[in-house]
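As C-alpha cells, the structure follows; a few thoughts come after it.
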Amino acid sequence: MKTTITFEFIAGALSLNLVDTAGKRGESPVERLREPEDLAVWLEAAGLVRIPRRFVTVAALASACELREAIHRCAVAAISRSNLDADDVRKINRTAAQMPLRPKLSGAEVLLSAKNPVEAALSTIAANAIEILADAVRERIRSCPECHMMFFDTSRPGKRRWCSSASGCGNRAKVRKHRARQRRAAPRRTA
Ligand SMILES: [Zn+2]
C-alpha cells in the first residue's frame, strides 16, 4: 500500500520548503519526493501550480531533486559562512533564468501558470533561493539543532534557533535542559 506523504511548509522560504522534502540528511535520510506524483502533490500544496500528475515526468522529478540538493549545499555553506560552490550557483542561476510561473486572473482568483509548468515552478523556486542566499540576508538561513530542518528566520529580531514544527523542537530542547539542571541540583537521597 502506498503511504501518503504529508508535506510541511514552515521553512519561511519557498526554496527551503523544497530543501526540507529531504529529511534527516546524514543520519537516516527521509526522501519525501519519491515519485513524479509526489512532486505534483508538492507543487500544488506549495501553492505554485496544479499539474495533472501524468504530466510530471521522471526527468522533471530528477531536475527538481538536483535543484533541491544545489540549494541545500548552498544553504549549508551559508550557515557555515563559507563560499558557495560555483557549480551549484551556476545551476541555481540557470534554473532561475528559465521562464518563471506567471500570474493570471481567473475570475477574482489569481492562478500561476506557464507553458512548461514544472520548469517554470523550478525557476520560481530558484529565484527564491537567490533572494535568500544574497549576502545581506543569508545569515538568516538556519538549521534546527533538534530536527535539522532548514528554515529562513523571518522574525524581526532574527534570533530564531529552532524550526516551528508541530513537534516543538524548541520546547523539547528546553525541557531537556531543565531536567538536566534539576538532576544536577537534586540533593542526594539518604537511605
Ligand atoms: Zn526542528
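No lab work stands behind these numbers, since they all come straight from the coordinates. If you're wondering where the values come from, they're calculated on a predicted model, not measured in any experiment. So basically every Cβ, Gly included, is an ideal-geometry build from the backbone, and we count neighbours across all protein chains shown.
Points worth noting:
- Restraint check, K91/K115; K24/K104; K24/K174, Cα-Cα greater than 26 Å: K24/K104
- Kirkwood hydrodynamic radius over Cα pairs of the chain, then Stokes diffusion coefficient at 20 °C and 1.002 mPa s, in µm²/s: 117 µm²/s
- Simple point charges give the picture: +1 on the Cβ of Lys and Arg, -1 on the Cβ of Asp and Glu, and for region 14-185 a dipole about the Cα centre of about 1180 debye.
- Gain upon complete extension [V58, V30; 0.36 nm per residue less C-alpha separation]: 8.2 nm
- Structural descriptor for the chain: relative contact order 21 percent, calculated from alpha carbon pairs under 8 angstrom and at least 6 residues apart.
- Span from the region 77-110 Cα centroid across to the region 45-65 one, whole angstrom: 16 Å
- Expected 222 nm ellipticity per residue - DSSP helices of 4 or more, -39500 (n - 2.57), all of the chain, to 500: -14000 deg cm²/dmol
- Of R34, R176, R50, the one that fluctuates the most in a GNM where the chain has Cα springs shorter than 10 Å: R176
- Residues T21, T154, T95 in ascending order of nearby Cβ atoms (within 10 Å, fewest first): T154, T21, T95.
- Counting 0.36 nm for each residue step from D87 to L105 and taking away their Cα separation leaves a gain of 2.8 nm.
- Fewest-first ranking of D88, D135, D20, D153, using other Cβ atoms within 10 Å as the exposure measure: D135, D153, D88, D20
- For K177, a cut-off of 21 angstrom between C-alpha atoms picks up these lysines, skipping any fewer than 8 places away in its own chain: K159.
- Pairs of Cα atoms nearer than 8 Å and 6+ residues apart set the relative contact order; for region 59-151 it is 27 percent.
- Positive-end extreme of charge dipole, region 14-185 - chosen from V89, A185, C144 (charges on Cβ): A185
- Simple rule: put +1 on each Lys or Arg Cβ and -1 on each Asp or Glu Cβ in the chain, find the dipole, and look at L112, L122, A46; the Cα lying farthest toward the positive end is A46.
- Per-selection Rg to Rh, region 18-88 - Cα, Kirkwood hydrodynamic radius: 1.03
- Which of H72, H148 has the fewest Cβ neighbours within 10 Å, and the rest in rising order: H148, H72
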